[in-house]
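Novice: Structure incoming, see below.
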Amino acid sequence: MEKIYGNIHSFESFGTVDGPGIRFVVFMQGCPMRCRYCHNPDTWQIGSGKKYSAREVAAEAMKYKSYIKNGGVTVSGGEPLLQAEFVTELFGLLKEKGIHTALDTSGITFSEANAEKYKKLLSVCDLVLLDIKHIDDEKHKKLTGFSNEAVLKFAQFVSDSGVDLWIRHVLVSGITDDDEYLFRLKKFISTLKTVKKVEVLPYHGMGEVKYEKLNIPYVLKGMQPPEKDRIENAKKILN
């Protein structure tokens, strides 16, 4: 069987916001979406990054076993589902070592035609952190360049598979913070059976400097973080 290699952007040794506990975070390289507020444009290019085998990444994570024993390993990106077979192998190795596994994804690559591939991945995944960018399909296209159909189908697929879900929603003033859309998102979330947490992530412009370095226009230049009352409003509606 041909050895699978993953294209890796970087590692974070002590992640505290990508799942429960202290976590080793693997940032995969490559993403099809172009979210207007993305703060990691350096992860977009598909096929670049450093190549690692799943065993090499698992060995890297296990260097921090004493720190992550009550947390785990999260694979983020980029978009990790672009390299689903690699993530499946990595999670399988980590599960053998008793390590909690989490997948941070937009779900954008999901298709029912390839459901078996995703089923294998979810069989070794303890938690899915699913970013729902926008509940309205047209607004989602404008924000990311893609329809949200695959995202919502993946959410249902994860729920039907019995895997725990954390839903994440980035709050951007005038784009994702409208009450109408927040209530629609809440209604969709209520159809999912395994949601354990809903996180509202206020927009920030900390990635703007990366766009300048990469000579990519930053379309939200000047956008301010949402006001505290709008953040509280979103949390109240979604939770």
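Novice: Let me check against my output: what whole-number percent is the relative contact order of the stretch 5-238, with C-alpha pairs under 8 Å and at least 6 apart?
Specialist: About 17 percent, as a whole number.
Novice: Right, something else. Pulled fully out, how much extra length does the chain show between residue 208 and residue 178, if you take 0.36 nm times their separation in residues and subtract their Cα-Cα distance?
Specialist: Values: separation 30, 0.36 × 30 = 10.80 nm, distance 2.40 nm.
Extending this stretch completely gives an extra 8.4 nm.
Novice: Further, regarding this structure: Taking the dipole about the Cα centre of the stretch 1-140, with the C-beta of Lys and Arg at +1 and of Asp and Glu at -1, give me whichever of 109, 41, 74 is farthest to the positive side.
Specialist: Projecting each Cα onto the dipole axis, the largest value belongs to 74.
Novice: Give a residue-ordered list of calculated ³J(HN,Hα) values for the stretch 221-229 (Karplus: 6.51 cos²θ - 1.76 cosθ + 1.60, θ = phi - 60°; whole Hz; x for Gly, Pro).
Specialist: Each residue of the stretch 221-229 in turn: 3, x, 5, 9, x, x, 5, 4, 5 Hz.
Novice: Given the convex hull of the Cα atoms of the stretch 126-239, what is a quarter of its surface area in nm²?
Specialist: Values: hull surface 30.5 nm².
Answer in nm², one decimal: 7.6.
Novice: Sequence-distant or interchain residues sharing an amide H contact under 5 Å with residue 100, placed H: which?
Specialist: 73
Novice: If the cut-off is a Cα-Cα distance under 15 Å, which aspartates and glutamates reach residue 236, setting aside same-chain residues fewer than 8 apart in sequence?
Specialist: 177, 178, 179, 180, 199, 227
Novice: Right, next: Given C-alpha coordinates of the stretch 18-88, what is the ratio Rg to Rh with the Kirkwood estimate of Rh? Display every interim value, and only then the final one.
Specialist: Working: Rg = 13.0 Å, Rh = 13.1 Å.
Result: Rg/Rh = 1.00.
Novice: Further, regarding this structure: Under the rule of -39500 (n - 2.57) per DSSP H run of 4 or more residues, summed and divided by the residues of the chain, what mean residue ellipticity at 222 nm is obtained, to the nearest 500 deg cm²/dmol? Walk me through the numbers before you get to the answer.
Specialist: Values: 9 runs with 83 residues, N = 239.
The helix-only estimate for the chain comes to -10000 deg cm²/dmol at 222 nm.
Novice: Which listed residue (200, 188, 172) has the Cα farthest towards the positive end of the charge dipole for the stretch 163-214, taking +1 on Lys and Arg C-beta and -1 on Asp and Glu C-beta about the Cα centre?
Specialist: About the Cα centre, the residue reaching furthest to the positive side is 188.
Novice: So if I place +1 on the C-beta of Lys and Arg and -1 on the C-beta of Asp and Glu, and nothing else carries charge, what would the dipole magnitude of the chain be about its Cα centre? I want it in debye, nearest 20.
Specialist: 360 debye
Each value in this text was obtained by applying a stated rule to the coordinates, not by laboratory testing. Predicted model only: the values in this text are computed from it and were never measured. All Cβ positions, even for glycine, are placed from backbone atoms using ideal geometry, and neighbour counts span all protein chains on display.
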